[in-house]
Amino acid sequence: MAAPLESRRIVIAGASSLLGAELKTLLEEGRFAACDFRLVDEEAVAGILTEAGGEAAVIQPVEEDSFNKAWIVFFAGSPAFSKRNFELARNSGAHIVDLSGEFAGHPGVQTWLPKFDVLPGVQFNKDAGIFVVPSAPAEIIARLTIALRQWKLNSLTAVAFQPVSSSAGKAGIEELESQTGQLFSFQPLGKEVFHAQAAFTMLDRFGSASRHNLQSALDILRREVRSCLPAEALTPSLQLLHAPVYYGTTVAGFAQIAASADAVALGKSCESCGFSITAEDAAPDNISCAGETSLQLAPPRPDPSNPGTWWFWAAADNLRLPAANAVKLAEKLLE
């Protein structure tokens, strides 16, 4: 007989992160509100006062018994934090759900997205024990790849634009805000986080002294996308760029297909794979997707200079979407 929800312990590892906070909020708003929450994180942020289950709670450092009696452990911090604490979590026997991307593509790890396992060639192993919930840009690119398979997809190139809340969390938001003010007032720029000008600037890399690395994030994005796709599916070519915005992921895609198609037919294929098609005069952006769990996609546009090639533009909330997916996965594991 399954244990009642009230007796199930949920550990959020990386609880002080923006993603961890979003996840906790969604868990408490749904059927897991009565669960026993344990919040842990890096030593440097331990002691932060927050709340869990309507009561005051303190984020604790990870210790030997942090994952004891856990039913499920969510890793919502940095990839390095997930890697360091994985063995402790696994030894607890809990379900492990990784939102950091660290374990994407690893043997025996199950990648999961809502309604993705019903698509052709995609399988879900509920008994895997270790699950990955991909980032918002990875989900956009993976679903677009699946949607275009029926049109004899020859190639897909996608560029994801990463907000500072994904690349550096609260510290990144604060530095972008301060740099913006410093530029307007002609003051020297503070560059402690990115070691580069992040405000009003598009970048494919941060300063060499920054601990935040776009190439490492791109490597994770590639593994996330590949882990979502069937073995025989085409692997998209990817790039990840810094966008000087606080929240919201946007993705530009360029596809070459062999089959004849029009924008309406392609749009319907994308809708069947989980996208919400916006109006022609209301293209998605990082503001329109804020607080939403949908994948917003503008109507596909053909490239008149190259027949059979199409442009795609999509947006999603970089925090709300993966957090909501993680909650749906937890609900699936209750079945």
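The values are calculated or read from the model by the stated rules, or taken from the named source; none is laboratory data. Just so it is clear, the model here is predicted, and its values are computed rather than measured. Cβ placement follows ideal geometry from the backbone for every residue including glycine, while neighbour counts extend to all protein chains displayed. Only protein heavy atoms, including side chains, enter the accessible area calculation; ligands, DNA and RNA are left aside. Shrake-Rupley method; radii C 1.70, N 1.55, O 1.52, S 1.80 Å.
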Quiz item: Setting aside same-chain residues fewer than 8 positions from K152, which lysines have a Cα under 27 Å from its Cα?
Solution: K115, K268
Exercise. Mind checking the full-extension length gain between A128 and E335? Use 0.36 nm per residue of separation minus the Cα-Cα distance, one decimal, nm.
Key: 73.1 nm
Self-check item: Peptides 180-191, 207-218 ordered by average Cβ neighbours within 10 Å, highest first
Solution: 207-218, 180-191
Quiz item: Between the stretch 34-98 and the stretch 281-333, what is the C-alpha centre distance in whole Å?
Solution: 30
Quiz prompt | Rounded percent of accessible protein surface that carbon and sulfur make up, the chain, 1.4 Å probe | solution = 52
Exercise. Within the stretch 304-335, find all residues whose amide N lies under 11 Å from a label point positioned 7 Å from the Cα of R90 along Cα-to-beta-carbon.
Key: none
Practice problem: Assuming R0 = 25 Å, can you tell me the calculated FRET efficiency for the pair S305 and S276, based on Cβ-Cβ distance, to the nearest 0.05? | Solution: 0.30
Quiz item: Based on the Cβ-Cβ distance from K115 to N154, what FRET efficiency comes out when R0 is 25 Å, to the nearest 0.05?
Solution: 0.40
Quiz item: So what is the accessible area of the stretch 124-240 per residue, in Å², with the probe set to 1.4 Å?
Solution: 46
Quiz item: What shape does the chain have by the C-alpha gyration tensor, where a ≥ b ≥ c are the square roots of the eigenvalues, rounded means a/c under 1.5, and otherwise prolate means a/b greater than b/c and oblate the rest?
Solution: oblate
Practice problem: Report the FRET efficiency, 1/(1 + (r/R0)^6), for D204 and T50, where r is their Cβ-Cβ distance and R0 is 45 Å, rounded to 0.05. | Solution: 0.80
Quiz item: What 222 nm value per residue comes from the helices of the chain, counting each DSSP H run with n ≥ 4 as -39,500 (n - 2.57) and dividing by all residues, nearest 500 deg cm²/dmol?
Solution: -9000 deg cm²/dmol
